[in-house]
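A.B. asks: Pasting a structure below so you can have a look.
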């Protein structure tokens, strides 16, 4: 006699709970043996579900924003040397990534005209993992603070 969909689902769930470690090990082995295929699946998922992923990120960020701000304030207060070193490094990288032919006045105006609640973001990050951009006007954009902070130093060419 055929099982109903609910019975099959319950059976599979129970099997998973009984064999969780074995299942996880088998999945990890498959990923190790099929790195390119696995990466392709992950990329396809991210492309097809970009809105869902972004909404989840925004939701997670908004739920903890006050807590995050307090944690950042405490860190800055307790680690002034690290904070200053990081800021100095950022300024140095920005100077290094500024080209002689860039229009400093336009860049300054972009920063001055930034809408409230937004950040000036480098479209191609200055310190990206795979690619590094320039500190020039055409590489700047306005993003909401949430979008910019969730973006990090990442750049995807298909954006």
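A.B. asks: Is it the case that some residue within the stretch 79-90 is over 21 Å from residue 141 (Cα atoms), modelled with pLDDT of 85 or more and in contact with a helix residue (DSSP H, G or I) (Cβ under 7 Å, 6 or more places away or on another chain)?
C.D. replies: yes
A.B. asks: Taking into account only those residues within the stretch 112-126 that are surrounded by 11 or more Cβ atoms within 10 Å (Cβ to Cβ) and outside any strand (DSSP E or B), which is modelled with the lowest pLDDT? Write out each step before concluding.
C.D. replies: Narrowing the stretch 112-126 to residues surrounded by 11 or more Cβ atoms within 10 Å (Cβ to Cβ): 114, 118-126.
After this cut, where a residue has to be outside any strand (DSSP E or B) as well, the list is 114, 123-126.
Numbers: 114: 86, 123: 89, 124: 88, 125: 87, 126: 83.
Out of the qualifying residues, it is 126.
A.B. asks: Within the stretch 54-75, how many residues turn out to be within 30 Å of residue 137 (Cα to Cα), modelled with pLDDT of 80 or more and touching a helix residue (DSSP H, G or I) at 6+ places or on another chain (Cβ under 9 Å)?
C.D. replies: Total satisfying the criteria: 0.
A.B. asks: Among the listed residues 105, 95, which satisfies the condition of being more than 20 Å from the chain's Cα centre (by Cα), modelled with pLDDT under 80, more than 29 Å from residue 68 (Cα to Cα) and exposed (fewer than 13 other Cβ atoms within 10 Å of the Cβ)?
C.D. replies: Numbers: 105 fails: modelled with pLDDT under 80.
Result: 95 is the single residue among 105, 95 that is more than 20 Å from the chain's Cα centre (by Cα), modelled with pLDDT under 80, more than 29 Å from residue 68 (Cα to Cα) and exposed (fewer than 13 other Cβ atoms within 10 Å of the Cβ).
The values are calculated or read from the model by the stated rules, or taken from the named source; none is laboratory data. From a predicted model like this one, the values you see are computed outputs, not experimental measurements. When we count neighbours, we look across all protein chains shown, and the Cβ atoms used for this are built from the backbone with ideal geometry, even at glycine.
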